Number of protein chains: 2
Amino acid sequence: MSEGRTRRRGKDLLDAIYTAAIEETAESGPARLTMDAIAKRAATARTTLYRRWSDPLDLLLDALAEHHPVETPAPGADDLRGDLIAALRLMVDWGFSPAGRAVMAVLTDPARDPAVVEALWERVFRKRGGTFTQTVLRHYAATGAVDPARLTPVVLDIGEAMVTKRILDTGRAPDDDYLAAIVDQAVLPALALPQRNT
Amino acid sequence: MSEGRTRRRGKDLLDAIYTAAIEETAESGPARLTMDAIAKRAATARTTLYRRWSDPLDLLLDALAEHHPVETPAPGADDLRGDLIAALRLMVDWGFSPAGRAVMAVLTDPARDPAVVEALWERVFRKRGGTFTQTVLRHYAATGAVDPARLTPVVLDIGEAMVTKRILDTGRAPDDDYLAAIVDQAVLPALALPQRNT
DNA sequence: ACGATAAGATACACGACTGTACCTAACATC
DNA sequence: GATGTTAGGTACAGTCGTGTATCTTATCGT
């Protein structure tokens, strides 16, 4: 923390390395991830990295596991539609953070290692309680506003799937109007609820 | 074609190079695609590649444009549900072909060039008439079986989005039961049609 | 204040891929 | 059958990343 420090150690250094690895992956993907690039971006020596990790991917997994600013949607009182939109907004915001883009890049790598995918689910996603709209839907099922029998794996994933596809197609973050359209035209109909025409 | 040939030329050679590039990309992704690997897989010399292309990605785009075995769904007489499932089946089969996996890999590359994405849409997708379920839905809208007002961009993309997400999550091709669940639980409800309970 | 630890820096040999140059021989055309 | 074209092969210098070794010195713990 002090200004006179010329050498970082411990947490300071680790944080610099972790954000370097995540940003590098978010920009270039795991295939182009090198120890060299991480070291340069973190302004440290490659030898420092090899002291702890043997592999860029190994390093990246530690970075993603340690870096957990994934908000959980907090369903409000009685606004299913609004809460669903808010959950998707959370998902979009996360997906466009460096960590989110890095995770996406790892998951979509054609040369991905199934063990790595499993490790990601275990270390990153399982910390939260399932996916984004899932949390909201289960909440309203508990209150009786939604028929629990409707919450099949397919239905629980509609919102996330539509957002993911949109991001893949356009490469940009969907705006609130599009998220509302997803909720009104795809998610709510699958719950067999009357739709709102905004 | 003749057996005695020791040197390929023209179409024979081009086909070998194109399939080599596509298979290489499907396995390793565009980030790891090198002139060297393509040349080795096609059993030709690197100099031959440089004579025509300056870049592995340049070569790949030509390969994908030339390689168009993308079937178009042919809607039957009066079976919306069955035709939707069949359309999704076509999509899955294509998505797991080398060409499909190569296209997916290019589109999900975080370092993707927007110009390349545009070129892909222009040279590969636009040859067909839109996406898979789109063709079916527009057909039944024309016959009056589906309300044309329901065919918003969001609704037209539900099937594709669900399949894409499923493939990303599991890395494997969804079976027919899952495709039927997508149609029954997500696509048909969005069309405001009575659902079938298989 | 001192000793242990580890960050920072430099150097090295190795391998992979690049882009070009150059040569040869097979193929197509007339 | 002669000729132009082009695939196939070899060679080369240059760049980038790897993994290891070695040295220094800043920082921490006691």
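The values are calculated or read from the model by the stated rules, or taken from the named source; none is laboratory data. In this text, all values refer to a predicted model and were calculated from it rather than measured experimentally. Reconstructed Cβ throughout: ideal geometry from the backbone, glycine too, with neighbour counts over all protein chains shown. Just so you know, the surface numbers come from the protein's heavy atoms only, side chains and all, with ligands and any DNA or RNA stripped out. Shrake-Rupley method; radii C 1.70, N 1.55, O 1.52, S 1.80 Å.
General remarks:
- For region A:152-162, the condition holds for at least one residue, the condition being that it is of a type outside the set (A, V, I, L, M), more than 28 Å from residue B:106 (Cβ to Cβ), within 10 Å of chain B (Cβ to nearest Cβ) and assigned to a helix (DSSP H, G or I).
- Of the numbered criteria (1) away from DNA strand D (no atom under 16 Å from the Cβ); (2) under 28 Å from residue B:105 (Cα atoms); (3) surrounded by 14 or more Cβ atoms within 10 Å (Cβ to Cβ), the one residue A:93 fails is (3).
- Residue match in region B:93-115 (condition: of a type in the set (Lys, Arg) and in the same structural domain as residue B:174 (by TED's automatic domain parsing)): yes
- Hits in region A:113-140 (condition: away from chain B (no Cβ under 14 Å), part of a loop (DSSP other than H, G, I, E, B), open to solvent by 30 Å² or more (accessible area, probe 1.4 Å) and more than 22 Å from residue A:58 (Cβ to Cβ)): A:129
- Search result, residues across region A:36-62 that are open to solvent by 10 Å² or more (accessible area, probe 1.4 Å) and aliphatic (A, V, I, L, M): A:37, A:43, A:45, A:57, A:61
- Scanning region B:58-79 for residues that are more than 16 Å from DNA strand D (Cβ to nearest atom) and among the hydrophobic types (A, V, I, L, M, F, W, C) yields B:60, B:61, B:64, B:65, B:70, B:74, B:77.
- Residue check, residue A:117 closer than 21 Å to residue B:26 by Cα and among the β-branched types (Val, Ile, Thr): yes
- Of all residues in region B:1-57 being over 26 Å from the mean Cα position of the chain (by Cα) and either closer than 18 Å to residue B:98 by Cβ or among the polar types (S, T, N, Q) (or both), the one that is farthest from DNA strand D (Cβ to nearest atom): B:2
- Residues satisfying the criterion are present in region A:44-55 (criterion: over 28 Å from residue A:172 (Cβ atoms) and either assigned by TED's automatic domain parsing to the domain that holds residue A:134 or away from DNA strand C (no atom under 14 Å from the Cβ) (or both)).
- Complete set of residues in region B:43-72 that are in contact with a Ser or Thr (Cβ under 8 Å, 6 or more places away or on another chain) and either within 14 Å of chain A (Cβ to nearest Cβ) or over 24 Å from residue B:118 (Cα atoms) (or both): B:56, B:60
- Yes/no for residue A:110 being in a loop (DSSP other than H, G, I, E, B) and within 14 Å of chain B (Cβ to nearest Cβ): yes
- Residue, nearest to the other protein chains (Cβ to nearest Cβ), within region B:22-37, restricted to residues that are within 12 Å of DNA strand C (Cβ to nearest atom) and not hydroxyl-bearing (Ser, Thr, Tyr): B:31
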